[in-house]
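Written out below as structure tokens is the structure these notes cover.
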Amino acid sequence: MDELFRQRVIAQFSLGSRSCHSVDHWDRVAAYGAFLGGDSEVVRYFALLHDSQRWSEGHDPEHGPRAALYAAEHCGFLQPEQLMKLMLACRDHDRGRTHSDPTIGACWDADRLDLDRVGISCDPNFMSTAEGKRLALRRPWERQKEVGIVS
Ligand SMILES: [Fe+2]
Ligand SMILES: [Fe+2]
């Protein structure tokens with residue numbers, strides 16, 4: 001991923017680096033996503049973008065659709081099928097659904113595996129992938145160690 005692109009996304013994020021939906025979260029989602037598989041490029045861009053259009057710490061049901069729009073406007077360099085998956089994954093990531101597509105499933109699982117950052121424990125029933133279900137059952141610290149987030 002182009003570092004300039006990443007810096008641009010970080011710079012436009014309106015909640016700042018102290019938000020629990022900020023870059024630290026995006027990086028953990030990227031680590032979980034890389035571990036879970038799917039199209040690695042789509043998963044990487046999902047991690048960076050999915051919460052980047054949040055305007056509020058709390059209830060903000062349009063942040064997914066706004067992230068999909070941001071992807072449409074700024075990720076034209078992806079293959080059309082990749083862009084479509086990225087947009088769908090961003091748009092619906094907080095709708096509590098699962099998906100059979102391995103890439104979209106990896107995106108959503110990666111995001112939900114980091115729910116313990118806000119004191120919500122991971123529920124395997126809301127995971128799309130087998131690995132996501134398995135990781136959801138591990139203790140946060142053990143899970144983060146397994147995917148390399150902590151050493
Ligand atoms: Fe979100
Ligand atoms: Fe998120």
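Each value in this text was obtained by applying a stated rule to the coordinates, not by laboratory testing. What you are looking at is a predicted structure, and each value in this text was computed from that prediction instead of being measured. Every residue, glycine among them, receives a Cβ derived from its backbone with ideal geometry; neighbour counts consider all protein chains shown.
What to note about this one:
- For the stretch 53-70, the Karplus equation 6.51 cos²θ - 1.76 cosθ + 1.60, evaluated at θ = phi - 60°, returns couplings of 10, 6, 10, 9, 5, x, 4, 8, x, 9, 5, x, x, 5, 5, 4, 5, 4 Hz by residue, with Gly and Pro reported as x.
- The stretch 1-95: radius of gyration over Cα atoms, expressed as a fraction of 2.2 N^0.38 Å: 0.98
- The stretch between Leu15 and Glu142 holds 42.8 nm of extra length on full extension. This uses 0.36 nm per residue minus the Cα-Cα distance.
- Under 14 Å from the Met1 label point (7 Å along Cα→beta-carbon), backbone N, the stretch 133-151: none
- Relative contact order for the stretch 20-147, counting Cα pairs under 8 Å that sit 6 or more residues apart, in percent: 26 percent
- Principal axis extents of the C-alpha atoms in the stretch 20-147 (largest first, rounded to whole Å): 38, 29, 23.
- Residues of the stretch 53-71 falling in the label zone of Arg8, defined by backbone nitrogen less than 17 Å from a point 7 Å along Cα to beta-carbon, are 53, 67-71.
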